[in-house]
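So the structure is just underneath, and the comments pick up after that.
Values quoted throughout were computed directly from the atomic coordinates according to the rules given, and no laboratory measurement underlies them. Source: prediction; values computed, not measured. Cβ placement follows ideal geometry from the backbone for every residue including glycine, while neighbour counts extend to all protein chains displayed.
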Amino acid sequence: MTFLISDTFTDSLARLSNDEQKQVKITAFDFQTNPNSPSLSFHRLDRARDKSFWSVRVSGDLRIIVHRTNESLLVCYADHHDKAYDWAERRKFTTHTVTGAAQIVEIREKIEEIFIPAYIEISPTAPKKSGGKLFLAGMSDETLLGYGVPEEWLDDVRGDRIDVLSLEAAA
């Protein structure tokens, strides 16, 4: 079985204190040498949408999140119990349909506000407000997928819900 370490794991590890990092590294090594050790309390996360996410117990409060398949164990994230479980519940592991890259994608939830309509008379010559945020509206699915946009994000990227500054920062 292949043992892999993701960038999200090393990033999360860097945010922990020195003592916590030491505990996580020792547990990750122990897990790599014997993933079936009962002392690790290795178990599936029931509330995660991706049923391949599992938890490894580091201490009373620290956990390592692992993506487990028949072929590999991918160490994904380390944090305190509740934060680690929340992280896993909001993500899934996918392979990008165009680039073939493995991705840990945050699952986007749709929150819908219900507005009570207020009828206001508008002049027919009133200019429409665009806000300048629909610059990706005309791009095809293939183009956006080629840039690495996850398939389930296509409509959101084209809509006005994407902040231009966050896209520029990500580039």
Of all DSSP beta bridges having both residues in the stretch 1-90, the percent classed as antiparallel (nearest 5) is 80 percent
Toy charge model, Lys and Arg Cβ at +1, Asp and Glu Cβ at -1: the stretch 2-94 dipole around Cα centroid in debye, rounded to 20, equals 260 debye
The local net charge around residue 1, scoring Lys/Arg +1 and Asp/Glu -1 for residues other than residue 1 whose Cβ lies under 11 Å from its Cβ, equals 0
Around residue 55 (Cβ within 9 Å, Cβ-to-Cβ, excluding residue 55; K/R +1, D/E -1) the net charge comes to +3
